[in-house]
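Reading through the structure tokens given below for one structure.
Laboratory data are not the source of any read-out in this text; all were calculated from the coordinates shown. Because the structure is a prediction, the values reported are computed rather than measured. When we count neighbours, we look across all protein chains shown, and the Cβ atoms used for this are built from the backbone with ideal geometry, even at glycine.
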Ligand SMILES: [Zn+2]
């Protein structure tokens, strides 16, 4: 067989591939192809030409709001065999051995494939460039070694990459082996992302009797649209980092949720379900669940209803049941892992809902500044006794005090003033009876007492403090955003723009305001009350020094014990916004089943809320405004001292309001800690290093947990580090509860450690 003939045969082979599967790059090279192969091949080509001839499009890219790539399709290859072209077993043996080696496949299986009577057998998909190069070499080898038509082909394929791994996985979602969106935005916007497949139009017969065909006409595939999300990768990272820390610190059994939302536009800036999964590898179950599945045994079968108490299965039956149980457990573990709890889980909102109940009463005018609410520690309603978290009672309170105390008996009275009918009207108006309509798959409905909103007096009493009806976290933060923005219920959304293949904007997704639910005045009053709550009420552990925070804690009982230890499970949450006088961002933090002992929203969720806000607000360039008490601890920004002479730098450090420590023997500053632009308290220490040797000097971070602010300041200066503080710093009974860098860590002198303060006097 001459070289020309081999080339023609290979072209024929490629044509068949195109007929069978159809790939754009291959097709464009095949225009005006003359088919002049042997009759046998021609016959096969004709037989197969009616097969699928779709050409795959490249899937669109997903960006965050600042253009960071969150999901992208990269070119990879598909390795295909044409075993019908083999002439001898020796050839099959050689190719199977080499292919199995390069592609890390089982040789026996590849050898089986080389024996099939076919021109198209997929050996491996999504092959990356390193392997692709080796395959190309192998193809050359085969051509030199054997006088046969091409037996291997490399076809274009695409693979989806998620450069940030776990980040925002529950929102972005992932794709399946055929590039179809299976969850999250990948699924919701699949039709945009997928693009338009190309098509091979018609094979026309050139001379009317036999070959050749003329394939001049084909429709090129059109790449998919790209998406710009409303998510901000930086805010998302901050939220996830602190949520992870919270899950570890409070031994959270059933994961947590963090949502950050622009209160005016409904744009979701961050949405996290933590722990999540890696969308690059979405079918790998996490280690803990894998272990549990592996441990499924006979006892498990009895405990979980696979076997009845007195059933005695044969060994074969037992094996089958175990396999079924394991596979069901695997499916359950996967769907749990992929679940976007922020929109798919429902929970009792608990005391966070008091911001809604009070809004109703203020809007209806059923309570005024003069209305007094009394709490004796317990409220009796018919034969029911409903307790307050402060069993000694809160005494007489106005509505602001009632919210700051998070007093259940007071809120029962507030709920009663509104009445069942109005309560249900506002419940609907605030958007709790319908899905928010967020552009993500899997949003759940609420569960109210009855479908038509009718309820008894006891139902109303417990509803007024957020118990016994279930809503989703996304519904709660949407309602809180309405209070924050002056009364408008806006639709939350995660996609900001749809882009064309050339990057032009095809569609802007604008703010969708559904309705005004409360007046500007009531919203303003609520912001004021919630700010007072964050400064000195039960919400004070969510406070961030220098920022005007408004917020509310919540601790709610769960319907059942998911932990399986027959102990009541709780959800600890905190929902708030900032700045209180002109809110931009709302944040909801939610931990499902903290097992560390303390399960209150004030103890578990509030500090995490404070830590997130403490980083997000400076990032959003919200101006800090300090109270007088905070002035002593006010954070100041460090300047650039590196490159200056020691004396010049020292003067500048002092002028900026910091103490100075010089390390080393040099005359010029070679580096500084903290770095330029860091926020540390006025009076903190800036360490200037004057030679390379001094830079390597380290100090050890001490334990900073369990102390008063005064003691922490003392420890910081003793150990040569700086601290930045978040949480309840205005409260005299506050103690430090967490530190951002672990005790014992070696750091450069002057490093900033963030210390969280909490008051343990609030249990709400
Ligand atoms: Zn009370």
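On a 0 to 90° scale, report how tilted helix 233-249 is relative to the longest principal axis of the chain, with both axes built from alpha carbons and the result rounded to the nearest 10. Between the helix axis and the principal axis of the chain, the angle is about 70 degrees.
The Cα atoms of region 279-358 give a gyration tensor whose axes a ≥ b ≥ c have a/c of 1.5 or more with a/b no greater than b/c, which makes the shape oblate. Only Cα pairs under 8 Å and at least 6 apart count here; give the relative contact order of the chain as a rounded whole percent. Reported relative contact order: 10 percent.
Computed from label points 7 Å out along Cα-Cβ, the spacing between residue 93 and residue 327 is 3.8 nm.
The calculated FRET efficiency for residue 636 paired with residue 447, based on their beta-carbon distance and R0 = 60 Å, is about 0.75.
Here the relative contact order of region 629-759, from alpha carbon pairs under 8 Å that lie six or more residues apart, stands at 24 percent.
State the extension gain, in nm to one decimal, for the chain segment bounded by residue 745 and residue 705, taking 0.36 nm per residue of separation less the distance between their alpha-carbons. Each step should come with its number before you reach the end.
Values: separation 40, 0.36 × 40 = 14.40 nm, distance 1.45 nm.
The span from residue 745 to residue 705 would gain 13.0 nm if fully extended.
In this rough spin-label picture, where each label sits 7 Å from Cα along the Cβ direction, the residue 156-residue 667 distance is 6.5 nm. A straight line joining the Cα centroids of region 367-390 and region 245-276 runs 33 Å. Label sites at residue 178 and residue 222, each approximated as a point 7 angstrom past Cα along Cα to Cβ, lie 2.2 nm apart. Extension gain, residue 717-residue 288: 0.36 nm per intervening residue step, less the Cα-Cα distance, totals 150.3 nm.
Show that you can apply the helix-only estimate: for the chain, add -39,500 (n - 2.57) for every DSSP H stretch of four or more residues, divide by all residues, and state [θ] at 222 nm to the nearest 500.
Numbers: 26 runs with 270 residues, N = 764.
Rounded to the nearest 500, it is -10500 deg cm²/dmol.
Reducing region 315-358 and region 658-707 to their Cα centroids gives an inter-centroid distance of 48 Å. Inter-part distance, region 528-551 to region 65-92, computed on C-alpha centroids, equals 57 Å.
Could you list 638, 737, 700 so that the one with the fewest beta carbons within 10 Å of its beta carbon is first and the one with the most is last? Each step should come with its number before you reach the end.
Working: 638 24, 737 21, 700 12.
So the residues, fewest neighbours to most, are 700, 737, 638.
Once R0 is set to 35 Å, what does the formula 1/(1 + (r/R0)^6) return for the Cβ-Cβ distance between residue 619 and residue 380, expressed as a FRET efficiency to the nearest 0.05? Walk me through the intermediate numbers first.
Numbers: r = 49 Å, r/R0 = 1.41.
So, using R0 = 35 Å, E works out to roughly 0.10.
Please say if the chain is rounded, prolate or oblate, where rounded means a/c under 1.5 for a ≥ b ≥ c the square roots of the C-alpha gyration tensor eigenvalues, and otherwise the choice is prolate for a/b larger than b/c and oblate otherwise? Note, shape of the chain comes out prolate. Going from the fewest other Cβ atoms within 10 Å to the most, the residues 285, 529, 69 appear in the order 69, 285, 529. Calculated from the alpha-carbon coordinates, region 629-759 shows an Rg and a Dmax of 14.8, 46 Å respectively. With 0.36 nm allotted per residue and the present C-alpha distance subtracted, the residue 691-residue 366 stretch has 110.0 nm of extension available.
Counted by neighbouring Cβ atoms within 10 Å, the residues 736, 470, 444 run from fewest to most as 444, 470, 736.
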